[in-house]
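A short write-up of the structure that comes next.
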Amino acid sequence: MRLGIGENWPQFSLLVLINACVGGMVGLERTVVPLVATQEFHLTSDTLIFSFIVAFGLVKALANIASGMLADRFTRKAMLVGGWLIGLPVPFMLAWGPSWNWILAANVLLGASQGFTWSMTVTMKNDLVGTRQRGLAMGLNEFAGYGGLGITALLTGYIAARTGLRPEPFYLGIVYALLGLGLSIVAVRDTTGFLQHATSAAMTGTATPVAPTRDPASAGRTMFGVCQAGLVNNLNDGVSWGVLPLFFVAHGLSVDHIGIIKAVYPLTWSLGQLGTGALADRVGRRPLIMWGMFVQALGLGVMGVGFPSTYASGMTGAIILGLGTAMVYPALLATAADVSPAATRATTLGWYRFWRDLGYPAGALLAGVVSAAFGLVWAVYLASVLTFVSGIIAAWSMRTATQSLMPSPLARTSGVNQRA
């Protein structure tokens, strides 16, 4: 068995396509669901409106841990198929649920589904490639997922502006769920064999060395920096998800204009990762994580200012925020995989994704409390400040790990044909 994107391109490409469907399932909610809460179910409490994000984030965080542990014990493919089966009812519940409780229940299922499906696409790609291409692999994976999310956010806003908030925008989700489930059952091959071969090679000393050995204290500090940065990254994403549609409506923007802004952010994030993932393999993970958090903080601040107009600042801030997130996301995933032994890689990635996705409920709760007390814009400003501080903490935590997260000279000169 050989590691590398080129050596395993059919399966790698298939997993990229499947993750685009996974991201599209989340994109169903980015533009429309907050507006369904206020305009169809007439909810007035910001905390209650954002409760669907809390439900989604908490369940997804826990599902990340469960899927990682189960994948290390059983198979990756079984977890991927199981995640799609869990998510199959979601678009139907979002489209025709008769009360807000149905929307909350759909988000519980969506969170569980995402915890299994997205986690497995991440883990399976890491199984197929070595350290030398890990940043690129994660960039391609997240490009597909957030590209699907952004395109779906744009399409649902466009459809909702012309047909109404429900049910037509959610028809896309039915297509995603059926396509993702069908491909996972019929076409995906399990990658556990790559993991077992890598573990055997490590035990016999025949594996190609790809990075110098680090001490446990350095690995622990690195994981702390990665986990807190991931949590704050998704905290500001949770604030963006829940607050910005309501903030833009309050400033007179139409649904289709909101859909464009909400699509530009993840699309910039998606496309940017095609470059930043590969860059993380060349310059290291730490610079991209630190500066990416700083750029995100700037983007949030620009979106809150509303100058020269709400639409202009929203578009500008969305692009800046997307660029910052693109710098951070693949580097964080690659770092978590770098510090993990092959035998427990899925579990380690599951724990990282657990802490990262706790940012969704944290951001939603923060947004609800702060916006109720001081106004929606102050929730955006507070998320900006927290993101900037998190970048400083990440840089400090990873200061001794910069070199050990880079491929060794042997790995850089050995080509893509690394033995698993």
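Every read-out reported here was derived from the displayed coordinates using simple, explicitly stated rules and does not represent laboratory data. Please read all numbers here as calculations on a predicted model, not as lab measurements. Neighbour counts are summed over all protein chains in view; Cβ atoms, including those assigned to glycine, are modelled from backbone coordinates with ideal geometry.
At-a-glance table
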{"read-out": "D281, D72, D127 arranged by Cβ crowding within 10 Å, fewest neighbours leading", "value": "D72, D281, D127"}
{"read-out": "Centroid-to-centroid separation of segment 158-194 and segment 43-74 [C-alpha atoms, Å]", "value": "19 Å"}
{"read-out": "Using alpha-carbon coordinates, inclination of helix 134-163 to the longest axis of the chain, degrees", "value": "20 degrees"}
{"read-out": "Cβ crowding within 10 Å averaged over residues, with 91-102, 224-235 ranked highest first", "value": "224-235, 91-102"}
{"read-out": "Cβ-Cβ FRET estimate between Q39 and L178, R0 fixed at 22 Å, reported to 0.05", "value": "0.15"}
{"read-out": "Relative contact order [Cα under 8 Å, 6+ residues apart], the chain, whole percent", "value": "29 percent"}
{"read-out": "By average C-beta atoms within 10 angstrom, highest first, the peptides 153-160, 166-173, 117-124, 19-26", "value": "117-124, 19-26, 153-160, 166-173"}
{"read-out": "Identified option (computed mean projected area of the Cα convex hull in nm²; candidates (i) 20.5; (ii) 21.8; (iii) 17.7)", "value": "(iii)"}
{"read-out": "Full-extension gain in nm, N101 to V305, via 0.36 nm per residue minus C-alpha separation", "value": "70.0 nm"}
{"read-out": "Sequence-distant lysines (8 or more away, or on other chains) whose Cα lies within less than 18 Å of K125", "value": "K77"}
{"read-out": "For peptides 108-114, 320-326, sequence by mean Cβ density within 10 Å, most packed first", "value": "320-326, 108-114"}
{"read-out": "Spin-label model distance (nm) - L88 vs S254, 7 Å beyond Cα toward Cβ", "value": "4.0 nm"}
